[in-house]
Amino acid sequence: MTTIDQQAFFIDGGFAKPHGDDRLDVINPATEALTGSVPRAVTADMDDAVAAARRAFDETDWPHRPHAERAELLRAVGRGLAARNDEIARIMTDENGALYRLNTHTVGHGFCSYYADLAAEVEWEELRQGAVGPAVMRREPAGVVALIVPWNAPLALLMVKLAPALVAGCTVIAKPAPETPLDTYPLAEVLRDAGIPDGVVNIVPGDAEVGDHLVRHPGVDGVSLTGSVRAGKRIMQVCADRLARVHLELGGKSASILLEDAPLDDAIAGTLGAFLLVNGQACAALTRTLVPRHRYAEVVDALAAAASEAVVGDPYDESSDLGPMTCRRQYDRVLGYLETGKAEGARVVAGGGRAAGFDRGFYVAPTVFADVDNGMRIAREEIFGPVNCVIPYDTVEEAVAIANDSEYGLSGAVWGEDLKRAMDVARRIRTGTFTLNGYTLDPHIPFGGFKASGIGRQNGMAGLEAFVELKSVHVTPAQATALGYR
């Protein structure tokens, strides 16, 4: 494996030398070998990036260009990413340990074509009738935006923000996580080659210190974060001081609810896949399984057997169902939660520790806990690993109450042959995304959460609205006619 050593940041349309000399090492979580390194950003690097984005927004025609022109540039970015899809997927796999076959679908070029198409459908200007007369409603770019993304699906989570931000006419400072910065370098080359103007997109990997500096920067009009609740609270507090716009997509502790008539094979397969997604490191994972008490033993045995049969292995191996945790810190965190669950009195029926058969790598065995009470830490806190808690209930009302008894509200599923009853349960669960008899995350459908799972939505039209401000221009009927509005 070739080690990737990057020496610069992507600022103002080119690769700029860093202000500091320190480095960030990127460790392959499957082998614990060095994958590559990038410069460690300092606040002066972020200042340069914000200044470039500010110039591009305030002093160039970028925010005023026709939306169709920006859409065509975005299509060129999508083509560039698609042409390098396998290369980028390999970089991501060596950075974050997610399955290679999954990473080949998360490079993000689909977001480019989707938002380019959507730009042609949006009413960027429209005439509306008010109480005292008409007004022209304009959708205008929100300004200079900071996009902060985590390490679990790094490029997809960046592109789901970057694509609509570009179509809207914003300029961007992207901050990848320090664990997974390498995949943004081919993205930077694609942006440059596609003709994205200088300063419109700037990419500076960094740690929490430079991230905090970016969020505080007076040149930044809005912040979009995908990350932890702790990070979201911090960003919201900082942005409140200057009333910067905030979009937060945070954590989850989502429930898979099996009703009495749940199709067992489908429910077990769907729940398993949904808590092993991205090696268990997915905010929308189904990590609590709620089961009627009279079916409890049956479901526990079935889920434990399925989890025990899941193949932990090399993320490049087609037979692997999951790979390692992305970093040692997360590996240690997950193992710590497994010990907490045991200490709380939960019963391990599958997994429960490091995956067997590995001399190196951050591998955790898929773990199922039975005899779990919803008040236990393992049932309330986001573990962000391949861990599921099976909880019994006596009535559907109790199941709904347990599912809603969480600080989170991101995702969920219900399983039952009676679709009307299943839909009634879906209506009562306080989450932003829910599925009947399945587990679906659709990039064209709004995604986000209630409660501590975040503020706002991404994906679909809602993802574009996150980077748009509404302006009302009041006119008279005669003026509207003269201007050509109908």
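The values are calculated or read from the model by the stated rules, or taken from the named source; none is laboratory data. Here the structure is a predicted model, which means the values were calculated and not measured. Reconstructed Cβ throughout: ideal geometry from the backbone, glycine too, with neighbour counts over all protein chains shown.
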Fill in: the range 290-334, subset surrounded by fewer than 18 Cβ atoms within 10 Å (Cβ to Cβ) and either of a type in the set (A, V, I, L, M, F, W, C) or modelled with pLDDT under 95 (or both), residue farthest from Tyr393 (Cα to Cα)
Val311
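Going through Pro181, Pro197, Pro164 one at a time, which residue ends up being in a loop (DSSP other than H, G, I, E, B), in contact (Cβ under 8 Å) with a residue 12 or more places away in the chain and crowded, with 22+ Cβ neighbours inside 10 Å? Full working, then the answer.
Numbers: Pro197 fails: crowded, with 22+ Cβ neighbours inside 10 Å; Pro164 fails: in a loop (DSSP other than H, G, I, E, B).
Checking each option against the conditions leaves just Pro181.
Residues that are farther than 24 Å from Phe111 by Cβ, among the basic types (Lys, Arg) and free of Cβ contacts under 8 Å to residues at least 24 places away in the same chain: does the range 220-231 have at least one? Talk me through it step by step, then tell me what you get.
Filtering the range 220-231 for residues farther than 24 Å from Phe111 by Cβ gives 229-230.
Next cut, among the basic types (Lys, Arg) only: 230.
Checking which are free of Cβ contacts under 8 Å to residues at least 24 places away in the same chain leaves us with 230.
Yes, some residue in the range 220-231 is farther than 24 Å from Phe111 by Cβ, among the basic types (Lys, Arg) and free of Cβ contacts under 8 Å to residues at least 24 places away in the same chain.
Tell me, please, whether a residue that is more than 16 Å from the chain's Cα centre (by Cα), in contact (Cβ under 8 Å) with a residue 40 or more places away in the chain and part of a strand (DSSP E or B) can be found in the range 148-156.
Here is the first cut: in the range 148-156, the ones more than 16 Å from the chain's Cα centre (by Cα) are none.
Checked the range 148-156: no residue is more than 16 Å from the chain's Cα centre (by Cα), in contact (Cβ under 8 Å) with a residue 40 or more places away in the chain and part of a strand (DSSP E or B).
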Item to complete: Name the one entry in Glu140, Glu125 that is among the charged types (D, E, K, R) and farther than 20 Å from Arg457 by Cβ.
Response: Glu125
Item to complete: Pick out the one residue from Val200, Val190, Val223 that is out of contact with any Gly (no Cβ under 9 Å at 6 or more places or on another chain) and β-branched (Val, Ile, Thr).
Response: Val223
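Quick check on my filter: what residues within the range 273-295 are closer than 20 Å to Thr106 by Cβ and either assigned by TED's automatic domain parsing to the domain that holds Ala156 or more than 13 Å from the chain's Cα centre (by Cα) (or both)?
So the first thing to find is which residues in the range 273-295 are closer than 20 Å to Thr106 by Cβ, and the list is 273-286.
Scanning the range 273-295 gives Gly273, Ala274, Phe275, Leu276, Asn279, Gly280, Leu286.
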Item to complete: Could you tell me whether the range 122-141 includes any residue that is closer than 21 Å to Gly219 by Cα and crowded, with 24+ Cβ neighbours inside 10 Å?
Response: no
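Thr476 - would you say it is touching a residue at least 40 places away in the same chain (Cβ under 8 Å), buried (at least 20 other Cβ atoms within 10 Å of the Cβ) and among the polar types (S, T, N, Q)? Reasoning before the result, please.
Numbers: touching a residue at least 40 places away in the same chain (Cβ under 8 Å): yes; buried (at least 20 other Cβ atoms within 10 Å of the Cβ): no; among the polar types (S, T, N, Q): yes.
Spelling it out, it is not the case that Thr476 is touching a residue at least 40 places away in the same chain (Cβ under 8 Å), buried (at least 20 other Cβ atoms within 10 Å of the Cβ) and among the polar types (S, T, N, Q).
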